[in-house]
Amino acid sequence: MCTGGCAKCLGITLIPLAVLCLLANILLFFPAGKVAQSNDHISREVFYLGGLLGSGLLMIFPALVFLGMKKNDCCGCCGNESCGKRFASFSSILFAAIGFVGAGYNFIVSIVAINKGPICYFENIPGQYTWDYPFSNGNYLGNHTLWGTCKTFTNGKFEVNTETTITWNLTLFCMLMIMGGVQAVLCAIQAINGLIGTICGDCKCCGCCGNDGPV
């Protein structure tokens, strides 16, 4: 197995996933595609920044390390042609662990957000409307009629169809959950790949050592 080549493929995959997670988390700050009048109109899980930090910015570092493994100088350690590759593989395990934690954080935040549902405008008690969580334990997921609990909020020229907010939040958090899960799997694969590279070395060493054969 060419551990450097495998790591590069994983890094190439992680970069667009991280960018998409960043964008998805940013879009969640705009319920139903509109600028919120107050932070109280935005689900609190959005401010946990699972996609922005966990699967976004934090994932960039492991991805860059994985991308650079294939070009790592393999003869930088006391003349041992495989030492540099082995050290790079070992360091990639640490970065894979960081990426796994970040992706796991995003995955958990997304599941919690999907289960609670979004904050929307609804009749909390007869005759009194408020912005809060109207659903509990994911009961709205299998019962679309409950979506009617959320009402259209109008304040002068500002109008939000809060039922649309449910679709908006559910779609974006589902995307974050799926992408976070994929990132976690890819980081786990690299941890195994890095362990193999640490023990066995890469499948071949770079030409600077004058040896292109198997390590």
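The values are calculated or read from the model by the stated rules, or taken from the named source; none is laboratory data. Small disclaimer: the values here were computed from a predicted structure and weren't measured. Cβ sites come from the backbone with ideal geometry, for glycine too, and all protein chains shown count toward neighbours. Areas reflect the complete protein model, heavy atoms only, side chains present, ligands, DNA and RNA absent. Shrake-Rupley method; radii C 1.70, N 1.55, O 1.52, S 1.80 Å.
Checking residue 154 against (1) assigned to a helix (DSSP H, G or I); (2) open to solvent by 40 Å² or more (accessible area, probe 1.4 Å), only one condition comes out false. Which one? In the conditions (1) assigned to a helix (DSSP H, G or I); (2) open to solvent by 40 Å² or more (accessible area, probe 1.4 Å), residue 154 misses (1) alone. With respect to the conditions (1) in a strand (DSSP E or B); (2) polar (S, T, N, Q); (3) open to solvent by 80 Å² or more (accessible area, probe 1.4 Å), residue 130 lacks only one, and its number is (3).
One line per residue, one yes/no per condition, for (1) open to solvent by 80 Å² or more (accessible area, probe 1.4 Å); (2) out of contact with any Lys or Arg (no Cβ under 9 Å at 6 or more places or on another chain); (3) acidic (Asp, Glu); (4) outside any helix (DSSP H, G or I):
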site: 4; (1), (2), (3), (4): no, no, no, no
site: 16; (1), (2), (3), (4): no, yes, no, no
site: 21; (1), (2), (3), (4): no, yes, no, no
site: 29; (1), (2), (3), (4): no, yes, no, yes
site: 35; (1), (2), (3), (4): yes, yes, no, yes
site: 40; (1), (2), (3), (4): yes, yes, yes, no
site: 45; (1), (2), (3), (4): no, no, yes, no
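Here residue 147 meets each of (1) touching a helix residue (DSSP H, G or I) at 6+ places or on another chain (Cβ under 7 Å); (2) closer than 30 Å to residue 14 by Cβ; (3) in a helix (DSSP H, G or I) with one exception, condition (2). With respect to the conditions (1) out of contact with any Leu (no Cβ under 9 Å at 6 or more places or on another chain); (2) among the hydrophobic types (A, V, I, L, M, F, W, C); (3) surrounded by 20 or more Cβ atoms within 10 Å (Cβ to Cβ), residue 108 falls short on a single one, namely (3). For residue 124, the stated conditions hold: it is out of contact with any His (no Cβ under 9 Å at 6 or more places or on another chain), open to solvent by 80 Å² or more (accessible area, probe 1.4 Å) and modelled with pLDDT under 90.
Any residue at all in the stretch 124-138 that's within 26 Å of the chain's Cα centre (by Cα), within 26 Å of residue 18 (Cβ to Cβ) and of a type outside the set (Phe, Trp, Tyr)? No, every residue in the stretch 124-138 fails to be within 26 Å of the chain's Cα centre (by Cα), within 26 Å of residue 18 (Cβ to Cβ) and of a type outside the set (Phe, Trp, Tyr). Scanning the stretch 66-80 for any residue that is of a type outside the set (Ser, Thr, Tyr), crowded, with 19+ Cβ neighbours inside 10 Å, modelled with pLDDT under 90 and under 20 Å from residue 184 (Cα atoms) turns up at least one such residue.
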